[in-house]
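J.: Below is the structure I would like to discuss, written out as structure tokens.
Quick note: the coordinates plus some simple rules give every number you see, no bench work behind them. Keep in mind that what you see is a predicted model, and the values were worked out from it rather than measured. Counting neighbours? That spans all protein chains shown, and the Cβs are built from the backbone with ideal geometry, glycine included.
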Amino acid sequence: SFAGSSTFGLDLAQSTRFPGDSDTTRLVEQLEDPEASTQQRVALLNSLLSLSTSAIGKKKQLTQILRICKQTIMEENTLSSTLMLLKKLFNTKDSDIVSEVLCSLISNMSSVLHSSLHEGSKLKAVMLLFKMICVTPALWPRFQPQSIFKMISSLIQYIGSVDINDMSISNLVAILAALDPRANWMRSWVHALSSRQIMRASLPSFACKAKNFICDRPEWGSSKYQSAFLHYSPKELLILMHTNLCSVLFIWMKYDDLYAIFGNDEWTQILESVVSCEFDRNNKSSSNKTIAKLLYEVAYCRTPAEFLLSTSAVRILSKIRSVCGIRIIRIALTVSPPSDLSVPLICAEICGHISNHSRAKRYEALLCLCLLVSRIGWANVGSYIHCDFIEYNGDEEINRVVREIRAMRKIYLNESLADYLKCESACNFAIPSHFLEVTSADQKLVVSKIMDLCMREDDADESLVSTAHLRLSAQVVALIWQPRTGVDLLKCFDCSLLLQDVINKSYESGDSSALVMLRVFTLNLDVAVELRSQAKMLRRLFQALSTSNVSDVGQN
């Protein structure tokens, strides 16, 4: 594609008609002649284009060429040749030339869009600018900081000066929205920390206009928006603008430094406007799928996740009737714990979806409940959740989540540690943090459950170290490995019996998976020091680890 090619589709291997600086100087002087006719200017520009990039890219002549382009880009007959010349200059490896060309085009864009040029000609100029800004971030690693600063500042300041409520060809933001509704160009421009630091100083004006457009979005049929372009109706253009500006704001939201552009109250206002508009049941547009994906992406980031789990945000998300609302909350819970005040609201949302006939809503609600319990424990959730709703059905994925939730509830009720340890999702140290932080009052219970499982060798379904359930020993290892509680648990009972049984069973069965799990002991220095007091057991442990089959370890 044009934007994906470093040469912008130009054939730079073309022959040179006028070699040397003297030809470039002569052509530039003739182009600056005010008495030159339009036909002569076209011929001179074509002659200038036939020169090599190195010939026309000299810094001493760049200022003159860009001054000429400022005039020729305003004429219908010379616009195409001017754009081709700017493309060719932009393709140089000199960062100063590239930045000067881009900044020159940006500075001329307002005059071009407000001129009497044909709509198609204006679009050509914007297309060139759009493709330049798509490629520019890939060139920054080899550019000087001052060149990057100049390009970013020029573009953001110009966009901030545009009247985004003007639905005509003179609105650059509207054209960019039509070309790139998801604002992928902005995603690449804010990716690097250095570029965000530069952009941050120039954003307030554009950010304020974008927020006001989202929050004060007019009705589709407003008479104010009867002017459109490129055969777009005002309604279609407003949808594109809204999607594009939402994308821009949510892209900023992912980064802490750009998130700080607005306060939480302003982000709440933006979220409420987006939800009320895009997720309205009467909204027939397809842009809500794009907005939903953006919110999923944002929810995976720490600071936005904390915001999305606040009471005000949860109330807004609860207005979404589709599965998107509960899914956003579920994703945010994977990143951040909820605030105490938002827990009842989240639980109410979960209860509303668990009893829903929709399989997707029920599944998301159960996943959300599972994460919530893992985050804060059943003690803080149980009073808001009706256990009768947490029931099995014919769906295996749902049943798996239900089993895990019920097992965590039984742990809270001091009924069965073994039930939780048998959960499939608990096979790779996935014990909830509230359970890992075992209090002194619960240590005896945990130890008794562990030792009880260790001694049930006759019961293949219950034995912790039986061949069929050998992987369950990983959960015990995970408990002991925890930094703050591991050593305390280790002191409560003699782990020699447990470790010896696990090692012996591994050798007898030829299954080295448990030995891989025992490596966790070596990751906690405090636990290793405690084990060193039992020198014999420590030697036994490391002997087992060192003699285990390496290939088996890699597979398990």
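J.: Starting at the first residue of region 359-364, write each ³J(HN,Hα) from the Karplus equation 6.51 cos²θ - 1.76 cosθ + 1.60 with θ = phi - 60°, in whole Hz, x for Gly and Pro.
T.: Per-residue couplings from phi come out as 5, 5, 5, 5, 5, 5 Hz.
J.: Which ³J(HN,Hα) values in Hz, rounded to whole numbers, follow from the phi angles of region 300-306 under the Karplus curve 6.51 cos²θ - 1.76 cosθ + 1.60, where θ = phi - 60° and Gly and Pro get x?
T.: 7, 9, 4, 4, x, 4, 4
J.: In which sequence would CYS208, CYS246, CYS370 go, from the one with the fewest C-beta neighbours within 10 Å to the one with the most?
T.: With the fewest neighbours first, CYS208, CYS246, CYS370 line up as CYS208, CYS370, CYS246.
J.: What Kirkwood Rh does region 307-402 have if only Cα atoms enter the pairwise 1/r average? Answer in Å. List each step's numbers first, then the result.
T.: Numbers: mean 1/r = 0.0762 Å⁻¹.
Averaging 1/r across every pair of different Cα atoms and inverting gives 13.1 Å.
J.: Convert each backbone phi in region 368-384 into a coupling constant with the Karplus relation 6.51 cos²θ - 1.76 cosθ + 1.60 (shift: θ = phi - 60°), then list the ³J(HN,Hα) values in order as whole Hz, x for Gly and Pro.
T.: Using θ = phi - 60°, the values come out as 5, 5, 4, 5, 4, 5, 5, 6, 10, x, 5, 4, 9, 10, x, 6, 9 Hz.
J.: Provide TYR296, TYR363 in ascending order of the number of other Cβ atoms located within 10 Å of each residue's Cβ, fewest first.
T.: TYR296, TYR363
J.: If neighbour count is taken as other Cβ atoms inside 10 Å, put LEU341, LEU369, LEU129 in order from fewest to most.
T.: Fewest-to-most ranking of LEU341, LEU369, LEU129: LEU341, LEU129, LEU369.
J.: Say the cut-off is 25 Å between C-alpha atoms; which of LYS70/LYS235; LYS211/LYS361; LYS209/LYS254 go over it?
T.: LYS70/LYS235; LYS211/LYS361
J.: Using the Cβ atoms and a cut-off under 9 Å, what net charge is assigned to the surroundings of SER336, where Lys and Arg are +1 and Asp and Glu are -1?
T.: +1
J.: Here is a follow-up. What is the Cα centroid distance between region 313-356 and region 33-66, reported in whole angstrom?
T.: Between the Cα centres of region 313-356 and region 33-66 lies a distance of 62 Å.
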